[in-house]
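The values are calculated or read from the model by the stated rules, or taken from the named source; none is laboratory data. These numbers come from a predicted model, not from an experiment. Here Cβ is always computed from backbone atoms with ideal geometry, including for glycine, and neighbour counts include all displayed protein chains. Just so you know, the surface numbers come from the protein's heavy atoms only, side chains and all, with ligands and any DNA or RNA stripped out. Shrake-Rupley method; radii C 1.70, N 1.55, O 1.52, S 1.80 Å.
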Amino acid sequence: MSLLTIMDKVSDLFKKKKDKVFRVKATSGNTHLGGDDFDNRMVNYFAEEFKKKNKVDITGNLRALRRLKTACERAKKTLSFAVVTTIEVDSLFEGIDFFTSITRAKFEESNMGLFNECLKIVESCLTDAKMDKSAIHDVVLVGGSSRIPKVQQLLQGIFAGKDLCKNINPDEAVAIGAAVHAALLSEGFKKVPNLVLQDVAPFSLGVESKGDINMKRLLITKIVFLLMFMRVRAQKQVTTISLVLLNFLASHLLPAATLLRYALLLMKMVS
């Protein structure tokens, strides 16, 4: 999840007028939580059901598990608009056919732990951004799992019943944003939106040394990343010198506060 603000008609770092500035206030997420986790919960549930019905364990057969997972993924998508669906796999294991059904309520019950993890991510992002829920104007859904009715219901509950923005294809939203960002960083593209994206570093970056020296984490803020990724012809020489100096400082394991002060000083040089 990312929380960002959109400002109109402002100047960017190099005093150039921009129609819009997309400023990311905070970002949060779990790289180990996604659609696969919902599928795996269903696979485990139906593998146990198959075992009870037929006295046969399929957990050691990768081919059977793969076929069952494909059927579970299809059922998960169907439950986004239906309250009940069936799962049918011919000759799933040792010539035994598997036919069963699952309701949306059962799907939500078996995955409630994962849904709660999603809510923790939202709360964490709001906390990092130091913003109240009431300050959020629009909630845009991104990713296939955002189609799950329970996810939408819980999100609406967090944001006091606010209508979710569904006019953007959740499967295409990230790809479109990445394409626009790539065009902004490249040259030779026509009709590129006159905007700028100010992002944050989602994770802290650290340097680990051998021996008795303890690890020191160099927390590089979004200011430093803006400096590193800005590609402006007129400031190319100054930016290159700044990056070399910043890299030298980081390699000598300076404290995060000292590194940040140097970064701010370099920002003044560039501007």
Report the full-extension gain for the segment ASP37 to ILE168: residue separation times 0.36 nm, less the Cα-Cα distance, to one decimal in nm.
44.7 nm
Step through the residues of the range 155-170 one at a time and calculate ³J(HN,Hα) from phi using the Karplus curve (6.51 cos²θ - 1.76 cosθ + 1.60, θ = phi - 60°), rounding each to whole Hz and writing x for Gly and Pro.
5, 4, x, 5, 9, 6, x, 4, 5, 7, 7, 10, 7, 10, 4, x
Considering only DSSP beta bridges whose two residues both sit in the range 56-176, what percent are antiparallel, to the nearest 5?
90 percent
Can you pull the accessible area of PHE38 for me, 1.4 Å probe, Å² to the nearest 10?
10 Å²
Taking 0.36 nm per residue of separation and subtracting the Cα-Cα distance, what length does fully extending GLU48 through SER91 add?
13.8 nm
Given a Förster distance of 22 Å, report the FRET efficiency between ASN61 and THR100 from their Cβ-Cβ distance, rounded to the nearest 0.05.
0.75
Relative contact order of the range 48-129 (C-alpha contacts under 8 Å, at least 6 apart) in percent is 18 percent
If you build the convex hull over the alpha carbons only and average its shadow over all orientations, what do you get for the range 40-174? Give it in nm² to one decimal.
9.6 nm²
Integer Hz, Karplus 6.51/-1.76/1.60 couplings in order for the range 94-99, x for Gly and Pro
6, x, 8, 7, 10, 9
Which of the residue pairs LYS53/LYS76; LYS120/LYS190; LYS130/LYS190; LYS130/LYS162; LYS20/LYS150; LYS166/LYS191 have a Cα-Cα distance greater than 30 Å in the structure shown?
LYS120/LYS190; LYS130/LYS190; LYS20/LYS150
If you take the square roots of the eigenvalues of the alpha-carbon gyration tensor of the range 55-123 and sort them as a ≥ b ≥ c, do you get rounded (a/c under 1.5), prolate (a/b over b/c) or oblate?
prolate
Residue-normalised accessible area of the range 100-162, expressed per residue, 1.4 Å probe, Å²
52 Å²
Just order 76-87, 54-65, 178-189 by mean Cβ neighbour count inside 10 Å, highest at the front, would you?
76-87, 54-65, 178-189
Counting alpha carbon pairs within less than 8 Å and at least 6 residues apart, what relative contact order, in whole percent, applies to the range 78-189?
19 percent
